[in-house]
């Protein structure tokens, strides 16, 4: 178990310049506000200006995260990307947004020579499946999130095969409580079931990975 309490280092060229996807979601908004507070140069890609209401201190680009041309526009001059893309519960309809957008993002990042990608998926993705606790594993995931997590798994596979400098972050069950300022970051999930974490702490951990290499090419599950 490793606690992560540090901040992302800043190189000699100044603060990090990042593109944030999924910036209008609850976690994405915290990522943007914390990045701006750190002095980062932040660009966000949103589906509409209306959805970005309340986001301040960041450059706004309106477009579809699945469109490579739009993504390349947002990537100009960036050091890295934070993806907080999410998708609604979809018990019946197939979900493809996450994998489609991530495939386009990887292609755009390579074209624009941007190598660092920090991507949020979630507990239940990949080899963290079966570690969400009894109710989540036996009710929520199979009945409501099966198709969402099938797409998260496709998304993770695309990231792993991308050749980029990636970190996959898998938060445990998200809550809106005040952050504690530190998290447990786990790759050995033996005996771990359940857990929760504040979105505020997820945002902090994710931003720490923009420049740090401790979790490079790894998939930590983060929890309290």
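The values are calculated or read from the model by the stated rules, or taken from the named source; none is laboratory data. Note that this is a predicted model, so its numbers are computed, not measured. Here the Cβ is made from the backbone with ideal geometry for all residues, glycine too, and neighbour counts use every protein chain on show.
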Legend entry - region 141-182, residues that are in a loop (DSSP other than H, G, I, E, B) and either closer than 26 Å to residue 101 by Cβ or free of Cβ contacts under 8 Å to residues at least 24 places away in the same chain (or both): 161, 162, 163, 164, 172, 176, 177, 178
Inset, instruction - Might you check whether a residue that is on the phi > 0 side of the Ramachandran plot, surrounded by 19 or more Cβ atoms within 10 Å (Cβ to Cβ), under 15 Å from the mean Cα position of the chain (by Cα) and modelled with pLDDT of 95 or more occurs anywhere in region 64-74? - result: no
Legend entry - Unmet requirement for residue 135, which otherwise passes all of (1) within 27 Å of residue 79 (Cα to Cα); (2) outside any loop (DSSP other than H, G, I, E, B): (1)
Inset, instruction - Taking the options 160, 199, name whichever one is surrounded by fewer than 17 Cβ atoms within 10 Å (Cβ to Cβ) and modelled with pLDDT of 95 or more. - result: 160
Inset, instruction - Could you grab me the full set of residues in region 17-45 that are surrounded by fewer than 21 Cβ atoms within 10 Å (Cβ to Cβ) and on the phi > 0 side of the Ramachandran plot? - result: 39
